[in-house]
1. Could you check the simple spin-label distance between GLU85 and GLN39, using points 7 Å along Cα→Cβ, in nm with one decimal?
2. With a 10 Å radius around each residue's Cβ, average the other Cβ atoms per peptide and rank 45-57, 154-166, highest first.
3. Ranked highest first by average number of other Cβ atoms within 10 Å, how do 141-152, 96-107 line up?
4. Pop a pseudo-label 7 angstrom from the Cα along the beta-carbon direction at both GLU47 and ALA101 and give the gap in nm to one decimal.
5. In nanometres, what is the gap between the two model label sites at ALA155 and SER58, each 7 Å from Cα along Cα-to-Cβ?
Amino acid sequence: MPPRRASTKGFKQTSSLLQGRIRRASESRGFAQSRLLTQWEEIAGSETAAISRPVEVSYGRGGMGATLTLLTTGSNAPMLEMQKEKLRARVNAVYGYNAIARVRITQTAATGFAEGQVEFAPRAPEVSEQPADPKVRAQAQQTARPVEDEKLRAALTRLGENILNRTNR
């Protein structure tokens, strides 16, 4: 039996197709290595990556070191400010030399303006709604029965079901 030849049969890995575009897009923002963008959590650490993200690397007129701009929310800026030197050292370890001389922090709202329209906090896990126990539902309806306003009664019934389900767990 002849040895099997490895072949892609004309197919390329997706990464090789996108690599050039990603490099051009990141270089337009000053990022010499796109790894800083794509692996920010590994570089900065999970806690820091949860509250910030790199936005731009800008070079001064003298060419003596670059400035890394990080985007964060206003409430997290003081915490990030205290970690600037540690972040600078970690980023320079990625570049392999002292490419970043300064770290600048930009603050915005959690959903930001044009550049920062990404939520920093991780999404909450999906919670599946379980059907309410008929006994619990009947007890909640009985409790809310004296309320005359129909919408308020329905809201109080749902609230009662939630409270009773929680205490039964």
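The numbers here are math on the coordinates, done by the rules we state, and not lab data. Worth saying up front: this structure is predicted, and the values here are computed from it rather than measured. Cβ sites come from the backbone with ideal geometry, for glycine too, and all protein chains shown count toward neighbours.
1. Those two pseudo-labels are separated by 2.6 nm.
2. 45-57, 154-166
3. Packing proxy ranking, top to bottom: 96-107, 141-152.
4. With each label placed 7 Å out from Cα toward Cβ, I get 3.1 nm.
5. 4.8
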